[in-house]
Amino acid sequence: MKILKTLHLASFDGNIGDNANHDGFYKHLKQLEDFKFEIDELEIREFYWKKRFFNESFVDLVNKYDLLIIGGGNYFELWVEDSPTGTSISIELDLLKKINTPIMFNALGVDPGQGVSELNIQKFRNFLDLLIERDDFISIRNDGAKKAIMDYVGEKYLDHIHHTVDAGFFADIPEPSEYYKSKKYIAINVAYDMQDVRFENISYKEFLQTFKRFTDTFLNENENYEIVFIPHIFRDMTFITDLLNILDDETRRRKISVAPLLHGKSSFKEVMSIYRGAQIVLANRFHANICSIGMGKPTVGLVNYRQIRELYAELDSMNFVDISKKSFNNHLKNFLSEEFHKYIINLKSIEKNYSLNQIYLKLWLEQN
């Protein structure tokens, strides 16, 4: 067995979806029996907070390891204007050339949703060209990343990039607590960040009022049900608070629960277990969808950002509602009037895709 001293650069604090992704990823790394990964975790947000930098000291750190893993995460965003790569991996290419350690880019999102400039596209192409020259392992996830490469960067690059499903599908998530086991409920996740994109076609005020109408209608027509709202990051709490403020007092006291806002390595287990206990999940964030689908839960995607629409396109599923449209409450109501089991997605093709990616990864590791 080959022991690989590994540095993993990713988000470990701040979004429980990332923690779920890492859990599924580490589980599959352990299945590569010819290798043992001794992993040190490096929080990428320390670079955003200007506590660390992609400089010579970063190069020196990486070169002490046998392997650098970057991601998973949405780190090929294409909008970071002040980055030499056009992405949040903001490293000068001359410094990248000094890294002797093989790099695995693990299931990254390629996201043009917040804008793309021609200058950034060219910087990203230069970045990819060097990674290909270095023979690094590049994989992108099933959130429209492949389509973004084709539309903006160039289809030829796909010859050097692996397309994989997100490992959050395979996270080990426990049963919910007795509190949730005793209830019949739908779990709802609504994202509040990127307001200029999410609420471009519907004002936030109108969005709130429409969601209130949906909530009132659903609870009136389903007297045995409750609703649990689940935040993934602190910004999601704003939507939850704003909605609670406009619901009537009896509804919010008797019919609404709010999941805790947690952080850190094991945080996802407690929060995601609430999705496991739900009769159906309405999910706006990527990993709220990914993990719920992976658990076999009936899941309806709430779309007001391209990433979720593209996820369902790649799953060949129409199990989503466009919540940027003013009548979305009626569409949601129609979805929930159907039998819930209709929204369960077959996981066999997802598992097959990830298994194939593991084969490619194993071959790359053997060569490096």
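Residue 232 is checked against (1) more than 20 Å from residue 141 (Cα to Cα); (2) of a type outside the set (Ser, Thr, Tyr); (3) in a loop (DSSP other than H, G, I, E, B) and fails just one. What number does that condition carry?
In the conditions (1) more than 20 Å from residue 141 (Cα to Cα); (2) of a type outside the set (Ser, Thr, Tyr); (3) in a loop (DSSP other than H, G, I, E, B), residue 232 misses (1) alone.
Quick one: in the range 151-170, which of the residues that are assigned to a helix (DSSP H, G or I) and among the acidic types (Asp, Glu) is farthest from residue 113 (Cα to Cα)? Break it down into steps so the answer makes sense when it comes.
Step one: filter the range 151-170 for residues assigned to a helix (DSSP H, G or I), giving 151-153, 155-160, 167-170.
Checking the rest, the ones that are also among the acidic types (Asp, Glu) come to 151, 155, 159.
Details: 151: 12, 155: 19, 159: 24 Å.
Among those residues, the one meeting the criterion is 159.
Every residue in the range 293-340 that is within 22 Å of residue 200 (Cα to Cα), over 18 Å from the mean Cα position of the chain (by Cα) and either outside the structural domain of residue 210 (by TED's automatic domain parsing) or of a type in the set (Ser, Thr, Tyr) (or both), please.
324, 327 - these are the residues of the range 293-340 that are within 22 Å of residue 200 (Cα to Cα), over 18 Å from the mean Cα position of the chain (by Cα) and either outside the structural domain of residue 210 (by TED's automatic domain parsing) or of a type in the set (Ser, Thr, Tyr) (or both).
Could you please give the count of residues in the range 148-197 that are of a type in the set (Gly, Ala, Ser) and more than 27 Å from residue 212 (Cα to Cα)?
Going residue by residue through the range 148-197, those that are of a type in the set (Gly, Ala, Ser) are 148, 154, 167-168, 171, 177, 182, 187, 191.
Of the ones still in play, those that are also more than 27 Å from residue 212 (Cα to Cα) are 148, 154, 167-168, 171, 177.
Of the residues in that region, 6 qualify.
Looking at 35, 25, 54, which one is at pLDDT 95 or above and out of contact with any Leu (no Cβ under 9 Å at 6 or more places or on another chain)? Explain how you work it out, then say what you get.
On the way: 35 fails: out of contact with any Leu (no Cβ under 9 Å at 6 or more places or on another chain); 54 fails: out of contact with any Leu (no Cβ under 9 Å at 6 or more places or on another chain).
Within the list 35, 25, 54, the selection yields 25.
Condition first: β-branched (Val, Ile, Thr) and either under 19 Å from residue 113 (Cβ atoms) or surrounded by fewer than 15 Cβ atoms within 10 Å (Cβ to Cβ) (or both). Now tell me which residues in the range 46-97 satisfy that.
Restricting attention to the range 46-97, the residues satisfying the condition of being β-branched (Val, Ile, Thr) are 59, 62, 69-70, 80, 85, 87, 89, 91.
Within the range 46-97, 80, 85, 87, 89 meet the criteria.
Could you run through the range 105-123 and say how many residues are crowded, with 20+ Cβ neighbours inside 10 Å and of a type in the set (A, V, I, L, M)?
3
Please find, within the range 135-178, the residue that is farthest from residue 288 (Cα to Cα) out of those that are crowded, with 18+ Cβ neighbours inside 10 Å and of a type in the set (Asp, Glu).
Only one residue fits best here, namely 136.
Kindly indicate which of 241, 210, 217 is free of Cβ contacts under 8 Å to residues at least 40 places away in the same chain and assigned by TED's automatic domain parsing to the domain that holds residue 300. Before you say what the answer is, go through the steps one by one.
Working: 210 fails: free of Cβ contacts under 8 Å to residues at least 40 places away in the same chain; 217 fails: free of Cβ contacts under 8 Å to residues at least 40 places away in the same chain.
Being free of Cβ contacts under 8 Å to residues at least 40 places away in the same chain and assigned by TED's automatic domain parsing to the domain that holds residue 300 holds for just one of 241, 210, 217, which is 241.
Among the listed residues 328, 320, 286, 268, identify the single one that is among the aromatic types (Phe, Trp, Tyr) and free of Cβ contacts under 8 Å to residues at least 60 places away in the same chain.
320
The values are calculated or read from the model by the stated rules, or taken from the named source; none is laboratory data. Since this is a predicted model, take the numbers as computed values, not measurements. Note that we place each Cβ from the backbone using ideal geometry, even for glycine, and neighbour counts take in every protein chain shown.
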